[in-house]
Amino acid sequence: TKIWSFTTGVNLSFTTYNNLYVRDRVKTYSFGSQYNDNEIKYRQLYNLELPIMAGVKKDKHTFQFGLTPTLLLTSKVTFESTPEDGKVAISETFFGYSQSLVNAGYPSGLVRCGLKSNLGYTYKITPSIQIGGNVQFQMISPIIGTMFDGKTNHLPISGQFFIRKSIKL
């Protein structure tokens, strides 16, 4: 017999990048004028995910599908400003949501929310031990690829393999 299953949970995830950066050139006025080259590098993104899955159980097998809304909590950013003479004037690393950079006049390239679709499979080894995996396809990405100078993936795919032990209280 087939039995429906519903699963939800909360995931905290962080992703490390080395190719998400935005460059711009600004002109500053003081007693004269000079150009500064600014570079904003996103080093890590911290997300909160809420997977919502529905599945069909058949004997020891469970096939699942669902959606995962994603909320960008914060990011680790390195900001560098270099004047025309080539010496780095400002270089700092900080944590903060990218909107603070937008309010300061810099392009962000990140949005607060994303959405992934999920496909999963679970095999029940014993009544309390399960093994399985999930594959997620990014439908709405929190990264706006056209804003960055580096290469960005327009259809990111992620996955996980798990061994789960059920605890009955």
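Values in this text are rule-based calculations from the coordinates and carry no lab data. Worth saying up front: this structure is predicted, and the values here are computed from it rather than measured. All Cβ positions, glycine included, derive from the backbone under ideal geometry; neighbour counts span all protein chains shown.
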*asked:* Are there any GluC sites (Glu not before Pro) in region 45-92 that are in a DSSP loop and have at most 15 other Cβ atoms within 10 Å? List them by number.
replied: 84
*Rounded Å value of the spacing that divides the Cα centres of region 1-49 and region 50-92*: 8
*Beta carbons within 10 angstrom, averaged per residue: use that to sort the peptides 25-31, 133-139, highest first.*
133-139, 25-31
_How would region 12-71 be classified by its alpha-carbon gyration tensor: rounded, prolate or oblate, with rounded meaning a/c under 1.5 and the a/b versus b/c comparison settling the rest?_
prolate
_Of 57/168; 58/168; 76/168; 41/116; 27/116, those spanning more than 30 Å from alpha-carbon to alpha-carbon_ = 76/168; 27/116
*What does the charge add up to near residue 9, with Lys and Arg as +1, Asp and Glu as -1, over the other residues with Cβ less than 12 Å from its Cβ?*
0
